[in-house]
1. Determine, from the Cβ-Cβ distance of Glu28 and Glu52 and an R0 of 30 Å, the FRET efficiency 1/(1 + (r/R0)^6), rounded to the nearest 0.05.
2. For Asn94 and Met1, what is the calculated FRET efficiency with R₀ set at 30 Å and r taken between the beta-carbons, to the nearest 0.05?
3. Cβ under 11 Å from Thr93's Cβ, Thr93 left aside: what net charge do those residues give with Lys, Arg +1 and Asp, Glu -1?
4. Just to confirm a number: summing +1 for Lys and Arg and -1 for Asp and Glu over residues other than Glu128 whose beta-carbon lies under 13 angstrom from that of Glu128, what do you get?
5. Treating the Cα atoms of the chain as identical point scatterers in vacuum, please give the log10 of the normalised Debye intensity I(q)/I(0) at q = 0.19 Å⁻¹, two decimals.
6. What's the longest piece of the chain with no exposed GluC sites (Glu not before Pro), counting a site as exposed if DSSP puts it in a loop and it has at most 16 other beta carbons within 10 Å?
7. For His117, what is the net charge nearby, where nearby means another residue's Cβ is under 12 Å from its Cβ and Lys, Arg count +1, Asp, Glu -1?
8. Calculate the FRET efficiency for Glu80 and Asp136 from the Cβ-Cβ distance with a Förster distance of 25 Å, rounded to the nearest 0.05.
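No value in this document is a laboratory result; all are computed from the given coordinates. The shown structure was predicted, so the numbers you read here are calculated from the model rather than taken from an experiment. Note that each Cβ is placed from the backbone with ideal geometry, even for glycine, and that neighbours are counted across all protein chains shown.
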Amino acid sequence: MAATRTFSIIKPDATRRNLTGAVTKMLEEAGLRVVASKRIHLTREQAEGFYEVHKERPFYGELCDFMTSGPVVVQVLEGEDAVKRNRDVMGATNPADAEEGTIRKTYAESIEANSVHGSDSEENAANEIAFFFSEDEIVG
Ligand code: RTP
Ligand code: MG
């Protein structure tokens, strides 16, 4: 099976606790390769745009507050079946429901401060990658 790409964010709760390397190690051990990476502080506009799909959800405002509360690391990951592989190693949205050995079970603080984002489909992965990276910033 050919390598595919997904998009990942190491969220502010994880960068605050200096877990960028620890989280990335778990991604790498799951068979994913970091082919683009940058540490940025999201603007309010970027956070609201990125999470536009959740605009009507009750947690949208808080989620945008949280995602702009500190730096994040945005990454493009490559691997076999990258979207699913990443979702599997991330674990359930709520760390209380996440399986042992997943990033969220290991590191997440709460359903909101849950350490990582990962695209949930190949189509969204392509859109989310393009939101943050130009093709020449991705080195496979
Ligand atoms: P993500 O998009 O970050 O990879 O997470 P996900 O698919 O597992 O979860 P999703 O339903 O897309 O929600 C996006 C993010 O919103 C926050 N959230 N807060 N307070 C709440 O009930 C609540 N529910 C979700 C989390 O940060 C979640 O990752
Ligand atoms: Mg999601």
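1. Values: r = 30 Å, r/R0 = 1.01.
After rounding to 0.05, the efficiency reads 0.50.
2. Values: r = 30 Å, r/R0 = 1.01.
For R0 = 30 Å, the calculated efficiency reads 0.50.
3. Working: positive: Arg87, Arg104; negative: Asp97, Glu112, Asp120.
Computed value for this residue: -1.
4. Working: positive: Arg5; negative: Glu52, Asp120, Glu122, Glu123.
Result for the local shell: -3.
5. Scattering profile of the chain, log10 relative to I(0): -1.16.
6. Numbers: sites that count: Glu56, Glu99, Glu100, Glu109, Glu112.
Counting only loop sites that pass the neighbour cut-off, the longest clear stretch is 1-55.
7. Details: positive: Lys11, Arg87, Arg104; negative: Asp13, Glu112, Asp120, Glu128.
Value of the local net charge: -1.
8. On the way: r = 24 Å, r/R0 = 0.97.
Taking R0 as 25 Å, the efficiency between Glu80 and Asp136 is 0.55.
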